[in-house]
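Every number in this text was worked out from the coordinates using simple rules, so none of it is lab data. The shown structure was predicted, so the numbers you read here are calculated from the model rather than taken from an experiment. Glycine gets a Cβ as well: all are built from the backbone with ideal geometry, and neighbour counts include every protein chain shown.
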Amino acid sequence: MTRRLLLTYLTFALLILIALEVPLGYVYHRSETQHAFAQLEHDAEVLAAFVDTAMRNGQREQIDLLAHESAQRLGGDVDVVDARGWLLASTHPDRHPPGSLASAPDIRTVLEGQGRISTRDAEAGGAAIMSVAAAVNPGMAAQGAVRVTVPKGPLTSRIEQFWLLLAGVGVVVLAAVALIALALARWISKPVRALERATRRLPDGVLPVPATTGPPELRRLAATFRATAERMHNLLESQRSFVGHASHQLKTPLAALRLRLENLEPDIADGGTRDLQAAITETDRLAHMVETLLAMARSEQSSLSREPVVLAGAVADRISLWSPLAAERQVRLTSAGPQEARVQAITGAVEQIIDNLVSNALRVAPPDSTIAITWRPGSDDTVELHVVDAGPGLPPEQRERALDPFWRAPDAPKDGTGLGLSLVRKLATAGGGTAVLCPAGRTGIDAVVTFPASS
């Protein structure tokens, strides 16, 4: 942001300088050119007056002397002609063949009475020149003409020096503007940079520091953001605290309730045994939901520690735990993967992830099918864990929703809570990984969980 503000200020300053200096340079150029021609016209008229006097007195040598003195003083050349245009004196006779100069446009203009002064810009010998022709004895028939020619180099040099001066002033102004703009841009963007840092640290529970510098509008924005962040932080803390406390407080009553239900079994008639078992099953489901809520509340804490886990050992332990239930449902559990694979995960997360994925797979796996648990190296230094079942699968829109809390498929068994897959994603994300559901062949689901690899 600082760079963009600085470029914006410098662009505006440059445009303003161009808008001021370019017209000023052209005005100076025109003014100097007009002044130079006016001075040259004055010198030509003064010389024509002296030549007129010399011609009246028949002083041909005086005319030649006047021409050379004026040329030396002005740093140029002088030509003097009579009324017919014949050359009387010249400081550069080698450039004019003997005879008449009446065909020269500027001299012809003066001799024919079309004006007492004629000016022109031209080039001679590859160099730019200024030329002024003035009539001798103006006011009546011209008795001759004087043409004064000077190089345009000094005028061009003065104009170029003025342009260089303007450029130098522009550079100095731009440098000063750059310093002021840099300080101003940093002052304006400081609250924005603070907000950016606070936004990155907000997930870690660090609230933004109140802004004390910068424009009032940005300070108010920073204060509003801090108030919003603080309120969100308090709401999230209240939610986590409620889930944790409520789940923890429910564990003891549920355990007592189950114990009481089991103690009622000898006193229940044969017809009520089925209802008693159903009540015990619902109590177990509620207790499982409470455990899951506790695990989800713990997974949202930012200070959970991570540890390296050997996937082969964790998978073997969970298979041995779930094998009796799988055998009861006539489902096979298999595993395959590199024995040395190690991952980084939150303490106990790998076991909970495998338990939830296997539990969901057993609910949908048909008899005589296989649940395959495999793992292999993934991209970007990760390890992928796959749990593949042969169930009916889910359409694409339901595969994404299945990872949301409390979502259950319309035809799902009634004993689920809708929290297992959500917990899988939370635990994987908290450990630096991901969790997605992919189709497995023509039927079934391939639950893919990635973990950061551990060296």
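Provide the net charge surrounding Asp64, with neighbours chosen by a C-beta distance below 14 Å and charges set as Lys +1, Arg +1, Asp -1, Glu -1.
Charge balance near Asp64 sits at -4.
Calculate the dipole size of the chain relative to its Cα centre from +1 charges on Lys and Arg beta carbons and -1 charges on Asp and Glu beta carbons; express the result in debye to the nearest 20.
My answer is approximately 820 debye.
Just one of (i) 299; (ii) 194; (iii) 130 is volume of the Cα convex hull per residue in Å³ calculated from these coordinates, so which is it?
Answer label, from the structure shown: (i).
For the charge dipole of the chain, defined by +1 on Lys and Arg C-beta atoms and -1 on Asp and Glu C-beta atoms about the Cα centroid, which residue among Ala13, Leu264, Ile159 has the Cα displaced farthest towards the positive pole?
It is Leu264, whose Cα lies furthest towards the positive end.
So, R0 is 30 Å and r is the distance between the beta-carbons of Asp368 and Ser238; what FRET efficiency does that work out to, to 0.05?
So, using R0 = 30 Å, E works out to roughly 0.05.
Give, as a single signed number, the net charge of other residues whose beta carbon lies under 13 Å from the beta carbon of Phe162, with Lys and Arg counted +1 and Asp and Glu -1.
-1
Gln277 to Gln249: extension gain in nm, 0.36 nm per residue of separation minus the Cα-Cα distance?
7.7 nm
Once each part is reduced to its C-alpha centroid, what is the distance from the range 426-455 to the range 17-63 in angstrom?
A separation of 92 Å, based on Cα centres.
Per DSSP helix of 4 or more residues, -39500 (n - 2.57); summed, then divided by the residues of the chain. What does that give at 222 nm, rounded to the nearest 500?
-19500 deg cm²/dmol
Hey, what angle do you get for helix 420-430 against the long axis of the chain, alpha-carbon based, 0 to 90 degrees rounded to 10?
So the inclination is approximately 40 degrees.
First measure r as the distance between the Cβ atoms of Glu400 and Ile16, then evaluate 1/(1 + (r/R0)^6) with R0 = 51 Å and state the FRET efficiency to the nearest 0.05.
According to the calculation, E is roughly 0.40.
Hey, what did the range 328-455 get for relative contact order, percent, Cα under 8 Å, at least 6 apart?
31 percent
Once the other residues with Cβ under 14 Å from the Cβ of Val132 are scored (Lys, Arg +1; Asp, Glu -1), what is the net sum?
-3
For Leu7, Leu357, what ranking results if the residue with the fewest other Cβ atoms within 10 Å of its Cβ goes first?
Listing Leu7, Leu357 from fewest to most nearby Cβ atoms yields Leu7, Leu357.
Aspartates and glutamates within cross-link reach of Lys152: Cα-Cα under 14 Å, excluding same-chain residues under 8 positions apart?
Cross-link targets: Glu32, Asp77, Asp121, Glu123, Glu160.
Could you tell me how many degrees, from 0 to 90 and to the nearest 10, lie between the Cα long axis of helix 2-56 and the main elongation axis, the longest principal axis, of the Cα atoms of the chain?
0 degrees
Return the sequence-ordered ³J(HN,Hα) values of the range 183-190 in whole Hz as given by the Karplus equation 6.51 cos²θ - 1.76 cosθ + 1.60 applied to θ = phi - 60°, using x for Gly and Pro.
Karplus values, whole Hz, x for Gly and Pro: 5, 5, 5, 5, 5, 6, 7, 4.
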